[in-house]
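The values are calculated or read from the model by the stated rules, or taken from the named source; none is laboratory data. Just so we're clear, the structure is a prediction, and the values are computed from it rather than from any experiment. Cβ placement follows ideal geometry from the backbone for every residue including glycine, while neighbour counts extend to all protein chains displayed. Calculation scope for accessible area: heavy atoms of the full protein, side chains included, ligands and nucleic acids excluded. Shrake-Rupley method; radii C 1.70, N 1.55, O 1.52, S 1.80 Å.
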Amino acid sequence: MTPFHDEEHPQEETTGTETLFTLEEAADKWHIRPETLQQAVDDGQLFIIEKGEKHYVTGQAMEASLDYLQELDLMKEEAAANDLIIYLKKKKTKERMEEDPPNGNAGFQAFFENFTHQLQSWNRSIPHGFVKRWLERFFKTIELKKKKEVETEWEERQVSLKLGFMTGQNEMACDFCEVHDHFYPGAIFADVYVDGQLKWIMCPNCLLYCKEQANGSMEQNVRARFHYLAHRLEKEARRARSLAVTEDFQVPSRHEWEAWETASFALREVAASNRDPAEEPFE
């Protein structure tokens with residue numbers, strides 16, 4: 001009669017009074033991973049019996065080495081888990097770096113240092129296209145940094161100074177020194193964000209003054225400019241309250257207002273009559 005073979009409990013080999021198990025069978029019976037048993041065999045901590053091309057362990061050997069095997073298996077499991085965590089972190093970092101410029105303070109610092117080094121090493125022999133691509137990446141990084149910072153500052157009620165470049169085309173009105181100027185292209189100005197919202201603008205003159213002042217750090221010098229701003233705003237607030245209550249307030253007369261309305265109507269008529277026929281909508 002052919003003996004019954006249980007798929008979940010493979011037929012065991014016997015030799016004398018000892019029951020033999022293949023490494024796979026022993027791993028299943030004692031809940032130890034096969035690779036752990038193989039390492040124990042390779043390290044000489046678990047003795048095997050060779051029968052043909054198969055390797056067997058006895059139940060007695062397994063029981064005698066069980067504490068060691070379980071500890072070794074746990075160590076291998078922890079190592080595998082750590083390896084998986086490290087792999088996933090590296091994979092995530094790589095994917096993020098491929099999608100976006102460096103993020104996080106350390107990433108931005110490394111990017112700025114590398115960008116500065118590249119700028120300082122450039123000369124006129126460098127192709128303009130290469131410079132343009134680097135500048136585009138720089139501005140993309142700045143926008144990403146600003147976006148991340150604004151989200152955090154809105155949640156944590158923070159204040160920050162964010163830099164920008166003047167183009168030389170648009171005029172700037174500085175909230176700190178009240179200067180109105182176009183400044184030169186490439187001049188660095190600062191936006192002051194409060195709780196993730198743009199609140200005040202600092203012109204290149206004020207910003208450079210804060211950076212180069214001998215007394216204190218740039219942060220301390222910026223804070224000093226806020227004292228002046230607060231004093232000016234307090235004066236404006238007092239004047240506004242006074243205007244709302246006591247001081248004379250002049251408004252255009254009725255005749256002046258009617259003249260402005262008439263001129264406005266005439267301008268609209270002229271603009272409509274000079275419109276390009278090609279822009280007329282189809283009926």
Going 7 Å from the Cα of residue 39 in the Cα-to-Cβ direction, what parts of the range 51-75 have a backbone nitrogen less than 13 Å from that spot? 68-75
Under 5 Å from the placed amide H of residue 159, counting only residues 5+ away or on other chains, we find 195
Solvent-accessible area per residue for the range 182-244 (1.4 angstrom probe, square angstrom): 65 Å²
Dipole magnitude of the range 138-283, debye to nearest 20 (Cβ charges: Lys/Arg +1, Asp/Glu -1, about Cα centre): 860 debye
Could you please put 248, 181 in sequence from largest to smallest accessible area, using a 1.4 Å probe? 248, 181
At most 16 other Cβ within 10 Å, DSSP loop - GluC sites (Glu not before Pro), the range 218-259: 247
Any residue on another chain or 5+ positions along whose placed amide H is under 5 Å from the amide H of residue 176 is listed here as 203
What pairs from 145/199; 148/235; 162/235; 132/199; 145/235 go past 24 Å between their alpha carbons? 148/235; 162/235; 132/199; 145/235
Could you rank 226, 21 by how accessible they are, 1.4 Å probe, largest area first? 226, 21
Quick one: check the C-alpha center-to-center distance for the range 244-268 versus the range 178-237, whole angstrom. 36 Å
Compute the Cα gyration tensor for the range 136-280, then decide on rounded, prolate or oblate, letting a ≥ b ≥ c be the square roots of its eigenvalues: rounded whenever a/c is under 1.5, prolate when a/b is larger than b/c in the other cases, and oblate in all that remain. oblate
In Hz, Karplus ³J(HN,Hα) per residue of the range 187-201 (6.51, -1.76, 1.60; θ = phi - 60°; x = Gly, Pro): 5, 8, 10, 9, 9, 9, 9, 10, 6, x, 10, 5, 10, 9, 10
Taking 0.36 nm per residue of separation and subtracting the Cα-Cα distance, what length does fully extending residue 132 through residue 55 add? 21.1 nm
Where Lys and Arg each count +1 and Asp and Glu each count -1, what net charge lies around residue 219 among other residues with Cβ under 15 Å from its Cβ? +3
In the full protein assembly as shown, how much of residue 207 is accessible to a 1.4 Å probe, in Å² to the nearest 10? 10 Å²
